[in-house]
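Heads up: the structure comes next, in structure tokens.
What follows is calculated from the coordinates using simple rules that are stated; it is not laboratory data. If you're wondering where the values come from, they're calculated on a predicted model, not measured in any experiment. Note that each Cβ is placed from the backbone with ideal geometry, even for glycine, and that neighbours are counted across all protein chains shown.
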Amino acid sequence: MGFADGAIDCDVHPDQPSVARLLPYVDGYWRETFVLRGIDRLDLSLTSDPRGAPRSARPDWRKPEGAVPDIGALRRDLLDPFGLDIAILNCLHAGAVMCSEDMGAVLCRAVNRWIAEEWLARDDRLRASILVPLQSPALAVEEIEHWAHDRRFVQILVPVAHELTLGRRHYWPVWRAAQRHGLPVAIHAGSAMRHAPTSTGWPSYFVEDYIAQAQAFESTLLSLIMEGVFDDCPDLTVVLAESGVSWLPGFLWRANKTWRGLRNEVPWVREPPGSLIRRHVRMTVQPLDTPDDPARIQRLLDQIAAPEMLLFATDFPHRHFEDGEALPRSMPPEFARRIMVGNPLATYPRLGTSITIPAGATA
């Protein structure tokens, strides 16, 4: 599949910085704390793709053990060969889920400063998500307010599985802040590990955890709808990142059917869930878990009935495709262009504006 001019990659991982790499981005008290407690020796990456898992990265994109994240490699392996105009960086880090709210907020601020200084400032094709400490909605809102002026940050980033389902009113101040600043909420595969990744307990193997991520996305999507988030935040956009796609048609059918019989329980849901999903929700297309068969791909798209929902992504550096085939060859070119350019521009208002690096952007 050839790449359209102006292609936008909506899910790129610049690796996760170790705590030692983040020490320059925290104040003296926290530097001393991290060193005295040995926290500076930890990795604290937060990912559904452990480094040792065979499918965690394509072999040609995998960095040697202990290698420092390198923007040169990102240019060589992704930005230049794919001809990308823009790539959105999603840095999954445990600051977003720390049990200590204060430490989590400090780490999220450090990660965002690291992204701004070591990545965004070095290539004008890069944009990023604001990592927020969702375990404390008040501190998460503070982090959004701190970075909202910097238009290189185009959305906020949270893991799909947290302490509570994300539609609960506990989190509404965060969604309201995102809406206030015109920032989509990226809900990415990953977990705070407060609960088992399946509804029936803890699995034995990584493959079980990985496949169960789709269940987490279904539960989260149902929560956002039925708890009334889209009624409270009518202009909010949610991006499901690395969620897969093929589970959605069955979910739409079941949610619509059940809502018709039980809608008196949730009177704020005034229209079928499928309508709300098509208006408020977008999905990245890696992994695109469908057979490479034109008829079956078309059937899936027909069942979703909302081509504007899909966003192009490579999920760099994870392994979902070979060579440059990030989209199936059988995908119609006009639809591929819409996924790669039109849909991302419509989803992220900040991508359509010129960017001036603000003074003190890394503060």
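Computed values, structure above
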item: Calculated FRET efficiency for the pair residue 325/residue 270, C-beta based, R₀ 56 Å, to 0.05; result: 0.85
item: Sites residue 20 and residue 196 - FRET efficiency at Förster radius 45 Å, r taken between beta-carbons, to 0.05; result: 0.90
item: Dipole moment magnitude, nearest 20 debye, region 8-352 about Cα centre, only Lys, Arg, Asp, Glu C-beta charged; result: 600 debye
item: Residue-averaged 222 nm ellipticity for the chain, from DSSP H runs of 4+ at -39500 (n - 2.57), nearest 500; result: -10000 deg cm²/dmol
item: Selected from 210, 29, 348 as most flexible by GNM, with the chain as the system and alpha-carbon contacts under 10 Å; result: 29
item: Ordering of 37-45, 231-239 by packing [mean C-beta count within 10 Å, highest first]; result: 231-239, 37-45
item: Distance between modelled label sites at residue 27 and residue 335, nm, 7 Å Cα→Cβ extension; result: 5.3 nm
item: Cα centre as origin, Lys/Arg/Asp/Glu Cβ charges: region 146-247 dipole, Debye; result: 340 debye
item: For the chain, built as a Gaussian network whose Cα springs stay under 10 Å, the top-fluctuating residue of 30, 114, 175; result: 30
item: Stretch gain in nm, segment residue 71-residue 293, where the contour uses 0.36 nm per residue and the Cα spacing is subtracted; result: 76.4 nm
item: The chain - percent relative contact order, Cα under 8 Å, separation 6 or more; result: 21 percent
item: Solution diffusion estimate, µm²/s, Stokes-Einstein, the chain, Kirkwood Rh from C-alpha pairs, 10 °C, viscosity 1.306 mPa s; result: 76 µm²/s
item: Cβ-based net charge around residue 22, under 9 Å, with every Lys or Arg adding one and every Asp or Glu removing one; result: +1
